[in-house]
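The structure appears right after this line, and notes come after that.
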Amino acid sequence: MTPAMEFGLALPGRGPLATPEVVLRIAAKAEALRFASLFVTDHVVLPVSTARSVYPYAPSGQFPGGSRQDYLEPLAMLAHLAHATRRVRLGTSVLVIPYRHPLTTAKTLATIDRLAGGRVILGAGAGWLREEFEALGAPPFEERGRVTDEYLTLMRLAWTTDPVSFDGRYCQVRDVHVLPKPAQAGGIPVWIGGHTDAAIRRAGTLGDGWHPIGLRPPAVLTPDEYGERVRRLREHAKAAGRDPERITLSFRAPMEVRSRRDKAPGGDRPLFQGTAPEIAADVRRYQAVGVSHFVFDPVRPDLPTFLASLERFADEVRPLLRAPRAAADRADGARPARRRATPPARTARR
């Protein structure tokens, strides 16, 4: 049985589109067009030199746009969006868990969840930027995976028990109240970011969802590769005594719906960039391997182009996804994109 589909947007947290006016305009458009979610990204500082760190989502290994750029604080953005929106889910994509004390993070997110009426998703990652760990006085970079696991465990405890006691390697807490609790019964859902073996294990054993960035070379997840990682994720979940079917599978990618006159010749195009029938076909390929929640980035930092693409998605792609597959394929003779995703234009992204 194929999963029901939801579609969300990644808001521009950095670069030329990272202004309050632009963020709120995109959020309003998302609500009007019935998108399901809005996600924000996380960095606290960007070092002048990142010579010791490799950015995993660019062929060069360098952080796009350089280090000297505005980068909006994600939890402050979520609090603002909680007031500015009424329906969409609000998430992080992703929050770097070792950067903040877990009880501070748990309390902040619980408060935002109350403000939003139970709409928050915690996308959680272990981090990649060694220099940022050092600047923040965070736990050792080499231990970030273990730190992330422990912090997430304590955060769940803070959301679901009172008083809280915890005896871990990095945190020790005895008989404290961490209030308020989130509006969502059972706590805020945690979607684990990343595509490495450690991230897959973490998603299977600790996560309520898996939230990889899927089409940023060299970190490319074709449908077959995504499906193979899902198989491993489910094995980890079963080994931990969890129900793998309860883990939400998401996929984040740059997306742009283009008019037919802009169609790439010969089907030579990146996934999720093309005409409405082509993008509908791409969605169905990932839906077939379990994806139920797509999160789309702008392909380029151009607001009118992104807003127009969202309109086309709502008006042209969604109806094709509601139609029987054969009828949708006949609409444009859509052919699949190449298995190798080509690098998209730089976009507002962490």
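The values are calculated or read from the model by the stated rules, or taken from the named source; none is laboratory data. None of these values were measured; they are calculated from a predicted model. So basically every Cβ, Gly included, is an ideal-geometry build from the backbone, and we count neighbours across all protein chains shown.
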(request) Could you list, in sequence order, all residues of region 89-102 that are out of contact with any helix residue (DSSP H, G or I) (no Cβ under 6 Å at 6 or more places or on another chain) and buried (at least 18 other Cβ atoms within 10 Å of the Cβ)? (result) R89, G91, S93, V94, L95, V96, R100
(message) Which count do you get for residues in region 205-216 that are without any contact (Cβ under 8 Å) to a residue 60 or more places away in the chain, surrounded by fewer than 24 Cβ atoms within 10 Å (Cβ to Cβ) and outside any loop (DSSP other than H, G, I, E, B)?
(response) 1
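Which members of region 294-307 meet the condition of being touching a residue at least 12 places away in the same chain (Cβ under 8 Å) and either farther than 14 Å from A253 by Cα or not hydrophobic (A, V, I, L, M, F, W, C) (or both)?
Taking region 294-307 first, the residues touching a residue at least 12 places away in the same chain (Cβ under 8 Å) are 294-301, 303, 305-307.
Listed by number, the residues that qualify are D297, P298, R300, P301, L303, T305, L307.
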(message) Looking only at strands (runs of 3 or more DSSP E) that lie completely in region 116-204, which have at least 1 residues being crowded, with 18+ Cβ neighbours inside 10 Å and under 19 Å from the mean Cα position of the chain (by Cα)?
(response) 120-125, 190-193
(message) If the requirement is being within 25 Å of R144 (Cα to Cα) and either in a loop (DSSP other than H, G, I, E, B) or more than 18 Å from the chain's Cα centre (by Cα) (or both), which of these qualifies: V22, V44?
(response) V44
(request) Kindly list the number of the only condition in (1) of a type in the set (A, V, I, L, M); (2) under 24 Å from Y151 (Cα atoms); (3) out of contact with any Asp or Glu (no Cβ under 7 Å at 6 or more places or on another chain) that fails for L81. (result) (2)
(message) Among the residues that make up region 33-41, is at least one of them touching a helix residue (DSSP H, G or I) at 6+ places or on another chain (Cβ under 7 Å), under 22 Å from M255 (Cβ atoms), among the hydroxyl-bearing types (S, T, Y) and not in a strand (DSSP E or B)?
(response) yes
(message) Checking the condition modelled with pLDDT under 55, closer than 30 Å to D42 by Cβ and surrounded by fewer than 20 Cβ atoms within 10 Å (Cβ to Cβ), which residue from R285, R335, R346, R312 passes?
(response) R346
